[in-house]
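Structure first, commentary second.
The values are calculated or read from the model by the stated rules, or taken from the named source; none is laboratory data. Keep in mind that what you see is a predicted model, and the values were worked out from it rather than measured. Here Cβ is always computed from backbone atoms with ideal geometry, including for glycine, and neighbour counts include all displayed protein chains. Just so you know, the surface numbers come from the protein's heavy atoms only, side chains and all, with ligands and any DNA or RNA stripped out. Shrake-Rupley method; radii C 1.70, N 1.55, O 1.52, S 1.80 Å.
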Amino acid sequence: MNYNKDNPDFKFFFRKNYDISKIKEVILRLESEWKEDTSRQETFQVHRHTNSYILNKVSIDWTVNNPLQQVYKHDNTELWELTEPIVKELEEACDGKAGQVLYINLPAGKVIDPHKDGGDYLFYTCRHHIPIITNPGVGFIIDDETTFMKEGECWEINNNKTHAVFNKGTEDRIHLLIDILPNKVLGE
């Protein structure tokens, strides 16, 4: 299957499994760090129930053929050193450069309402989700298809389609989100 966002059939693309056991150990130690940057949930109403731990932040106001501007990089070297090999592998697989790299916590019993992402950055990015902590009550919906991602699985999603998430479980769901912008659209 062609997992190009222009392909009307592309919703989910399974890339591979990663060993996330060491990442999970570090994530489980985070507490107040989830509240350090609340910009994502404050900017996007659909993400109001989530908490984010941002490792790399870029301007999502980016437009085609312009350089990608890094806004922030966290100094958590332990977590970055565990995350970076995955980022580098996805940069190579997508022939691009990492944009946003963050961990997202969707608490038990909460949802991310149906929505489509907009703007050049979100339109062109190859968006990857890797569950670090999940449960059987978590579903990721794109259009009419629901996928139950397992810990360590790397999924590229088509965020240009209507998508939503539910967590009907009793524990929080934590995903690693990695955006890769293809070199063909970067002005570098």
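At a glance:
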| quantity | calculated |
| --- | --- |
| Options ASN105, ASN4: the member that is modelled with pLDDT of 95 or more and either closer than 18 Å to LEU176 by Cα or surrounded by fewer than 15 Cβ atoms within 10 Å (Cβ to Cβ) (or both) | ASN105 |
| Restricting the range 124-177 to residues that are of a type in the set (Phe, Trp, Tyr) and closer than 19 Å to VAL46 by Cα, the residue that is surrounded by the fewest Cβ atoms within 10 Å (Cβ to Cβ) | PHE166 |
| Every pair of residues 6+ apart whose Cβ atoms lie under 9 Å, when the first sits in the range 171-188 and is at pLDDT 95 or above and part of a loop (DSSP other than H, G, I, E, B) while the second is surrounded by fewer than 24 Cβ atoms within 10 Å (Cβ to Cβ) and small (Gly, Ala, Ser) | GLU171/ALA108; GLU171/GLY137; ASP172/ALA108 |
| Qualifying positions in the range 108-123 - farther than 23 Å from GLU151 by Cβ and either open to solvent by 30 Å² or more (accessible area, probe 1.4 Å) or not hydroxyl-bearing (Ser, Thr, Tyr) (or both) | ASP113, PRO114, HIS115, LYS116, ASP117, GLY118, GLY119, ASP120, LEU122, PHE123 |
| Strands (runs of 3 or more DSSP E) fully within the range 1-117 counting 3 or more residues that are farther than 27 Å from ASN135 by Cα and either charged (D, E, K, R) or out of contact with any Lys or Arg (no Cβ under 6 Å at 6 or more places or on another chain) (or both) | 96-106 |
| Residues located in the range 96-132, provided they are within 21 Å of ASN167 (Cβ to Cβ) and either without any contact (Cβ under 8 Å) to a residue 12 or more places away in the chain or β-branched (Val, Ile, Thr) (or both) | ILE104, VAL111, ILE112, ILE130, ILE132 |
| Members of the range 50-76 found to be of a type in the set (Ser, Thr, Tyr) and either closer than 19 Å to GLU91 by Cα or open to solvent by 30 Å² or more (accessible area, probe 1.4 Å) (or both), listed by number | SER59, THR63, TYR72 |
